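Enquirer: Sharing a structure here in structure tokens format.
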Amino acid sequence: ANYDAHHGYAYDPAHPDNLPPLPPFLNLQSILTHHAAHAEQLVRDTLSGSRPTVTGIALVLQNFLSALHESNRALAARPPPHRAQRDDVHTAFVSLARQHLQPLEDAYRGKSIFPIRDDDSIFISLASFRDHLLGDTLKGAFDQAKRPDRLFVGAVVQNCFGLHPYPGEDGVQCRTGAQVVGKDEHGHDTTKVSDAPPDRNGIDEFCSSPAHRRFCDSGQIRVLYLHENESLGPAMARYYASKLWGGETHFVQVDSHLEFYTHWDELYV
């Protein structure tokens with residue numbers, strides 16, 4: 001599944017688990033837009049149940065996330081007195097999940113998507129929500145591993161990307177969480193919420209590091225991005241991340257703010 005700027009992703013049966021590192025939205029969206037026929041073939045192959053690739057799975061998930069994003073925008077734009085209600089949002093989500101996600105579940109129900117590798121490889125399932133420690137967590141996982149070449153990460157990055165993060169997307173002004181700025185007359189904390197820059201991209205921090213770039217270039221970091229205001233909670237984020245598994249021997253689920261012990265991979269497996 002190696003990326004070629006002119007032809008998109010070429011299927012490589014020897015490495016169906018390979019997915020290059022992706023910046024926010026751009027590469028998958030570019031494939032869907034500029035290499036639509038090839039992307040659709042990867043999706044069809046994956047949904048056939050007989051020729052899956054991690055890239056194909058990522059495209060299935062991206063199709064769902066893109067459709068959900070457009071649905072949410074349309075619901076949010078409804079004027080009074082027709083503003084979207086809770087049930088409208090839920091109904092739209094269920095409909096899109098049935099359209100995009102259920103075919104993937106049905107195609108591999110009761111069987112493994114990929115043959116399980118017999119090489120003690122480790123898949124790290126990681127969901128991050130606006131976490132400034134994501135890059136440090138990735139660096140620690142690889143730096144402290146005895147065999148970093150056997151580590152593969154499936155990361156879901158739920159960030160605020162700021163205004164105009166990519167063509168055709170207005171984006172939003174990022175905001176902080178509640179900040180304690182003082183005390184009131186009763187001694188209770190007083191708080192405020194402020195404008196903030198776009199969230200740190202821990203994937204970019206990791207992949208731009210000279211000491212770690214090779215892990216990204218080899219396809220060991222698989223990433224999906226979504227807007228933080230469209231996050232559906234940790235369970236759904238971990239569902240997305242789990243789908244980036246590519247047949248690795250061991251499956252580990254961690255948080256995006258974790259420190260790793262020396263040779264943790266050898267100790268745990």
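The values are calculated or read from the model by the stated rules, or taken from the named source; none is laboratory data. The model shown is predicted, which means the values in this text are computed figures rather than measured ones. So basically every Cβ, Gly included, is an ideal-geometry build from the backbone, and we count neighbours across all protein chains shown. Ligands, DNA and RNA are excluded from the accessible area calculation, which covers all protein heavy atoms including side chains. Shrake-Rupley method; radii C 1.70, N 1.55, O 1.52, S 1.80 Å.
Enquirer: So for segment 75-122, what percent of the C-alpha to C-alpha distances run longer than 12 Å? Please list the in-between numbers first.
Expert: On the way: 832 of 1128 pairs.
Counting pairs separated by more than 12 Å, the tail of P(r) holds 74 percent.
Enquirer: Starting from the Cα-Cα distance between Val172 and Ile116, subtract it from 0.36 nm times their residue separation and give me the gain in nm to one decimal.
Expert: The span from Val172 to Ile116 would gain 16.0 nm if fully extended.
Enquirer: Taking only DSSP H segments of four or more residues, each worth -39500 (n - 2.57), what value at 222 nm results for the chain once the sum is divided by all its residues, to the nearest 500 deg cm²/dmol?
Expert: -11000 deg cm²/dmol
Enquirer: From the Cα trace of the chain, what convex hull volume per residue do you get, rounded to a whole Å³?
Expert: 174
Enquirer: While we're here: On a 1.4 Å probe surface of the protein chains, which of Glu169, Glu266 comes out largest in accessible area, and what is the full order?
Expert: Result of the area sort, largest leading: Glu266, Glu169.
Enquirer: Full extension from His69 to Glu230: what is 0.36 nm times the residue separation minus their Cα-Cα distance, to one decimal in nm? Intermediate results must be reported in sequence, preceding the final value.
Expert: Details: separation 161, 0.36 × 161 = 57.96 nm, distance 0.74 nm.
Working it through step by step, the gained length comes to 57.2 nm.
Enquirer: How much of the accessible area of the chain, in percent, comes from carbon and sulfur atoms when a 1.4 Å probe is used?
Expert: About 53 percent, which is the carbon plus sulfur part of the accessible surface.
Enquirer: How much FRET efficiency would the formula 1/(1 + (r/R0)^6) give for Val94 and Gln253, where r is the Cβ-Cβ distance and R0 is 22 Å, rounded to 0.05? Provide the component values of the computation, followed by the final result.
Expert: Working: r = 25 Å, r/R0 = 1.16.
Computed FRET efficiency for Val94 and Gln253: 0.30.
Enquirer: Another question about this same structure. Would you please give the residues with an amide H less than 5 Å from that of Asp255, counting only those at least 5 places away or on a separate chain, with H modeled from the backbone geometry?
Expert: Long-range HN contacts for Asp255: none found.
Enquirer: Toward the positive end of the charge dipole of the chain, about the Cα centre and with charges on Cβ (Lys, Arg +1; Asp, Glu -1), which of Phe142, Val223, Leu61 goes farthest?
Expert: Towards the positive end, the residue furthest out is Leu61.
Enquirer: So for segment 141-269, averaging the separation of alpha carbon pairs under 8 Å that are six or more residues apart and normalising by length, what relative contact order in percent results?
Expert: Here the relative contact order equals 36 percent.
Enquirer: Placing unit charges on C-beta atoms (Lys and Arg positive, Asp and Glu negative, everything else neutral), compute the dipole magnitude of segment 197-269 about its Cα centre in debye, rounded to 20.
Expert: Around 200 debye, computed over segment 197-269.
Enquirer: What helices in the chain pass both tests, a Cα length along the helix axis of 24 Å or more and a mean Kyte hydropathy of 0.5 or higher, using whole DSSP H runs?
Expert: Values: long enough: 54-76 (32 Å, 0.76).
Qualifying helices: 54-76.
Enquirer: Across 10 Å bins from 0, what is the distribution of all Cα-Cα pair distances for segment 163-240, in whole percents?
Expert: Bins of 10 Å from zero give 13, 28, 33, 18, 7, 1 percent of pairs.
Enquirer: Moving on. Would you list which aspartates and glutamates come within 14 Å of Lys192, measuring only between C-alpha atoms, while excluding same-chain residues fewer than 8 positions from it?
Expert: Correct list for Lys192: Asp184.
Enquirer: If the only charges are +1 at each Lys and Arg Cβ and -1 at each Asp and Glu Cβ, what is the size of the charge dipole of segment 31-120 around the Cα centre, to the nearest 20 debye?
Expert: The calculation lands at about 380 debye.
Enquirer: What number comes out for accessible area per residue over the chain if the probe is 1.4 Å? Units Å², please.
Expert: On a per-residue basis, 52 Å².
Enquirer: Could you list which residues have their amide H under 5 Å from that of Val153, counting only those 5 or more apart in sequence or on another chain, with H placed in the peptide plane?
Expert: Ile124, Ile221, Arg222
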